[in-house]
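Working notes, beginning with the structure itself.
The values are calculated or read from the model by the stated rules, or taken from the named source; none is laboratory data. Owing to the predicted nature of the structure, the values given are computational and were not obtained by experimental measurement. Because the Cβ atoms are built from the backbone with ideal geometry, glycine has one as well, and the counts that use them run over all protein chains shown. Accessible surface is based on the protein model in full, side chains and every heavy atom, while ligands, DNA and RNA are left aside. Shrake-Rupley method; radii C 1.70, N 1.55, O 1.52, S 1.80 Å.
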Amino acid sequence: MRTLIARILALLALLAMCPTGAFAQITPAPSGAATICGSPVPPPANLPPAGSGPVVYMLAPCFAVQGNVPIVEPQTYLYYIQLRPSQPSMNIWVPYNDATEEVMKQDFKRLWDTNFLDDLSIDVQDYTFSNGVIGKLVTYNMEERERVKTVNYEGVKRIGDRAKVDERLRAQSIELRIDSLADANTIRRIEGVLREMMAEKGYTNALVSHKVTTLAGGPKLVNVTFTVTEGPKIKIRTVDFIGNVAKSDGTLKKKLKENKPKTLLSMFTGGGTYQETKYEQDADLVQTYYRNEGYVRARVGQPELRTIEDSKDGKTRWIELRIPVTEGPRYKVGDFAFDGNTVVKAEALRPLFKVESGEWYNEKRVRDGLVKAREIYGGGGYMEFTGAPDLKPKNDGLPTETDASVPAALLAADADPIDPTVDVTMRLQEGKQYFVNRIFFTGNTTTRDNVIRREVRLVEGGLFNTEALKFSVR
């Protein structure tokens, strides 16, 4: 009896291995000898009571698509299965009714949510006992998802060895481990990382593809190979700014860090290679320069690449990089105010910001003032202090915007500025005041704690002072 129960549990364990994507329509099997997974159904040790309704006689999983060899341990799937078959040897009979089918559907949903399985169909056949009672044979036709056995990279010599690829993938929390599921989304993300790495080396037109190959030695084992085709390397011959009037192309080119024209000094200073992934960084540098010059509404758009020529060997493509710029008016400082400060008064904060009304707006001076304000607040225990300028341009003939963002089309339109000024409000968040609880030292093996503690300008139980901490570390 115990052996029979063990066999039934083993069957259920295998049952749990069925993927549940869709609950298939349950239909009786065609007439003929009853089979389950291709094998004849044996008669039971005992018969159900005569005249009773249908019962769940047997459950069985089938893995015909993968040679009837499952990969996942049966106990893993059994955890999600609640449906149980009858136990004829013990005269325990499980009725087959609407409630039973509902249990099956819920089991299938749980199994499908495991993401282990790729396909499922469910067949329910009728088996007629010798006393006329109907027994249900529930068959789970399953196909598990493929498992990754090896991962290869081809054509990646331009971006380094495999270790560099793996390092970048880990940095972005992407992992395609050996014996893990072959996940299509993960594969697409890896392709994106490879394109990004190639673009950083100037191969913006690089093609990245993958191939999944079935391996011998077991069912559903595959090799995933990523192939990178370089294409021509994109080199910048000239950079042309479109729409700039107040500032020359030469001035703006000097603000670029990565996407600069190739010169004789490029091998020392960088530049010459178009790096699409770093363009936003260069655009921010140009826009920051404009804001430091008072152009608070300056915008730098997406670049246009114009091919000039390809090298004879086809390995290099020379381009002209055209960068659209919208300058907008130049603004002087109007009102300068503070908001959100309760600990330090505005009169004490104002001298920190070397920005005077009537002068051209300079965002660097505003940021420098914030650094000094952070030092004052940090010295008073407010280590979470943050702040940012809120700009309100006016008198420029343009629509009023609270965040200084106006569509480029309006900025480029003819306007009649009277006296463009920008009101600056420093929005401050002071945070909570902190005190020192305990001070610990780690890593000191030759110097005692009390010796180091003499150099620390913080006291346990006293006010936390970020500037004193910096001085102590120095």
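What is the one condition in (1) open to solvent by 40 Å² or more (accessible area, probe 1.4 Å); (2) in contact with a strand residue (DSSP E or B) (Cβ under 9 Å, 6 or more places away or on another chain); (3) not in a helix (DSSP H, G or I); (4) not acidic (Asp, Glu) that Asn131 does not satisfy?
Status for Asn131: all satisfied but (2).
Looking at the stretch 85-106, I want the residues that are in contact (Cβ under 8 Å) with a residue 24 or more places away in the chain and under 13 Å from Pro48 (Cβ atoms) and have a partner that is among the basic types (Lys, Arg) and in a loop (DSSP other than H, G, I, E, B) with Cβ atoms under 7 Å, at least 6 apart or on another chain. Which pairs are those?
Val94/Arg84
To keep it simple, each residue is scored yes or no on (1) hydrophobic (A, V, I, L, M, F, W, C); (2) open to solvent by less than 50 Å² (accessible area, probe 1.4 Å); (3) part of a strand (DSSP E or B).
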position: Arg291; (1), (2), (3): no, yes, no
position: Tyr295; (1), (2), (3): no, yes, no
position: Gln302; (1), (2), (3): no, no, no
position: Thr307; (1), (2), (3): no, no, yes
position: Gly314; (1), (2), (3): no, yes, no
position: Gly328; (1), (2), (3): no, yes, no
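So how many residues does the stretch 177-212 have that are hydrophobic (A, V, I, L, M, F, W, C) and either closer than 30 Å to Leu321 by Cβ or in contact with a helix residue (DSSP H, G or I) (Cβ under 9 Å, 6 or more places away or on another chain) (or both)?
Total satisfying the criteria: 10.
Would you pick out the residues in the stretch 423-456 that are among the small types (Gly, Ala, Ser) and loosely packed, with under 14 Cβ neighbours inside 10 Å?
Passing the criteria: only Gly443.
In the stretch 134-167, which residue that is assigned to a helix (DSSP H, G or I) and open to solvent by 40 Å² or more (accessible area, probe 1.4 Å) is nearest to Lys233 (Cα to Cα)?
Arg158
Being within 23 Å of Lys278 (Cβ to Cβ) and in contact (Cβ under 8 Å) with a residue 12 or more places away in the chain is the filter; apply it to the stretch 168-191 and report the residue that is surrounded by the fewest Cβ atoms within 10 Å (Cβ to Cβ).
By that ranking, first place goes to Gln172.
Filter the stretch 227-252 for residues that are hydroxyl-bearing (Ser, Thr, Tyr) and either open to solvent by less than 30 Å² (accessible area, probe 1.4 Å) or in contact (Cβ under 8 Å) with a residue 60 or more places away in the chain (or both) and give the result.
Thr227, Thr229, Thr238
Starting from residues that are touching a helix residue (DSSP H, G or I) at 6+ places or on another chain (Cβ under 8 Å) and at pLDDT 90 or above, keep the ones in the stretch 213-236 and report whichever is nearest to Val151 (Cα to Cα).
Applying the filter and picking the extreme gives Val224.
Mind counting the residues in the stretch 51-89 that are open to solvent by 70 Å² or more (accessible area, probe 1.4 Å) and either charged (D, E, K, R) or in contact with a helix residue (DSSP H, G or I) (Cβ under 8 Å, 6 or more places away or on another chain) (or both)?
The total comes to 4.
Quick one: which residue in Glu146, Glu154 is under 22 Å from Lys220 (Cα atoms) and within 30 Å of the chain's Cα centre (by Cα)?
It is Glu146.
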